[in-house]
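A quick write-up on the structure given underneath.
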Amino acid sequence: MLGRRSDCAADFFYSVINKGPGKLIELGSQPIDVKKEYSKLTSSYDLVLSLHCKQIFPAALINSLPCYNLHPGFNPHNRGWFPQVFSIINKLPAGATLHKMDEQIDHGEIIDQEPVAIDACDTSLDVYDKIMLAELKILDRSFDKLISGNYKPIIPAEGNYNSIGDYRKLQKLDLDATMRVGEVIDLLRALSHPPYKNAWFIDPVSGEKVFVEVRFEKESGEGKR
């Protein structure tokens, strides 16, 4: 995709806190600590595009050159951690957003967006896979706009934000909680994202932690974890 332009060059870095950079290294990516080495970026590049970077960009970087973020959520809804999880639960729109970064998390002028639909039996992984395809669409049609600066940004509403603490609260299942059946299904499918073990409860007899995920099978026989 980037090769379509001959008038720009790009370098590819991955965050040093990324615990599984193997595939990125195969693609020629180099490690960087954005918080400590941001001067390397400000002195050498005209813009920065964050693709699921696992570090918060320092203000000194954001305020020195244009920084853009491709976020797996439909801003301003469910900004922050694991947007697809919260979209399943709170029914707010899901999708992908390309935005210009400011000093707040997943905040700032929107350059482009692509919504995705959440079906009744979609798990977190199913929705995430849809969002990854939406992100590719956005990159394909908007990359040249970023390079040229020829775009009309949209100023979003403030929306809502979910922290890692909010997500952790969802993971521990309360066996004594009273919920509608639909709410239970939504919670479990929102936390089903193999190979990760997300939802859990404590066995009242053994005291062991028990992990839970759901699998759906439609009448047609089509299975979905």
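The values are calculated or read from the model by the stated rules, or taken from the named source; none is laboratory data. The structure presented is a predicted model; accordingly, all values stated were derived computationally and were not measured. Neighbour counts run over all protein chains shown; Cβ positions are idealised from the backbone, glycine included. What goes into the accessible areas is simple: the full protein's heavy atoms, side chains included, and nothing from ligands, DNA or RNA. Shrake-Rupley method; radii C 1.70, N 1.55, O 1.52, S 1.80 Å.
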- Local electrostatic count, Pro76, Cβ distance below 12 Å [Lys/Arg +1, Asp/Glu -1]: -2
- 3J(HN,Hα) from dihedral phi, region 117-127, Karplus parametrisation 6.51/-1.76/1.60, rounded to Hz, x for glycine, proline: 8, 10, 7, 4, 10, 6, 8, 4, 5, 4, 5
- Message: Using a Cα-Cα cut-off of under 20 Å, which lysines could be cross-linked to Lys169, ignoring same-chain neighbours fewer than 8 residues away?
- Response: Lys91, Lys197, Lys209
- Query: Among residues other than Val34 whose Cβ falls under 12 Å from its Cβ, what is the net charge (Lys/Arg +1, Asp/Glu -1)?
  - Reply: +2
- Task: Once you've got the Cα coordinates, tell me which of Lys35/Lys137; Lys54/Lys130; Lys36/Lys130 are over 31 Å apart.
- Result: Lys36/Lys130
- Provide the per-residue ³J(HN,Hα) series for region 60-76, in order, calculated from phi with Karplus coefficients 6.51, -1.76, 1.60 and θ = phi - 60°, each as a whole number of Hz, with x at glycine and proline positions. 4, 6, 4, 8, 9, 7, x, 10, 10, 10, 9, 10, x, x, 9, 4, x
- Task: Give the accessible area for Cys53 in Å² (nearest 10); use a 1.4 Å probe, count only protein heavy atoms, and leave out ligands, DNA and RNA.
- Result: 50 Å²
- Query: In percent, what relative contact order does the chain have, based on Cα pairs under 8 Å that are 6 or more apart in sequence?
  - Reply: 15 percent
- Message: Probe radius 1.4 Å, ligands and nucleic acids ignored: give me the carbon and sulfur share of the accessible area of region 1-146 as a rounded percent.
- Response: 55 percent
- Ranked from the most accessible area to the least, with a 1.4 Å probe and all protein chains present, what is the order of Glu183, Glu219, Glu135, Glu114? Glu219, Glu183, Glu114, Glu135
- Task: Would you mind getting me the FRET efficiency between Phe211 and Leu27? Use the beta-carbon distance for r and R0 = 45 Å, nearest 0.05.
- Result: 0.90
- Query: What ranking, highest mean first, results for peptides 126-133, 185-192 when packing means the other Cβ atoms within 10 Å averaged over each residue?
  - Reply: 185-192, 126-133
- May I ask what percent, to the nearest 5, of DSSP beta bridges between residues of region 11-136 are antiparallel? 60 percent
- 0 to 90° range, to nearest 10: angle between helix 181-190 axis and the chain longest Cα axis: 40 degrees
- Task: Tally the DSSP beta bridges in the chain and give the antiparallel ones as a percent, rounded to 5.
- Result: 65 percent
- Note on the structure: Listed by chain and number, the aspartates and glutamates with an alpha carbon less than 13 angstrom from that of Lys100, same-chain partners under 8 positions apart left out, are Glu109, Asp112
- Task: Show the residues, 5+ positions off or on another chain, whose built amide H is closer than 5 Å to the amide H of His52.
- Result: Leu70
- Message: Let me spell out the model: positive unit charges on the Cβ of Lys and Arg, negative unit charges on the Cβ of Asp and Glu, origin at the Cα centre of region 1-70. What dipole size does that give, in debye rounded to 20?
- Response: 220 debye
- Query: Just the accessible area per residue of region 1-154, please: how many Å² with a 1.4 Å probe?
  - Reply: 53 Å²
- Message: Below 8 Å, C-alpha to C-alpha, sequence gap of six or more: please give me the relative contact order for region 1-133 in percent.
- Response: 17 percent
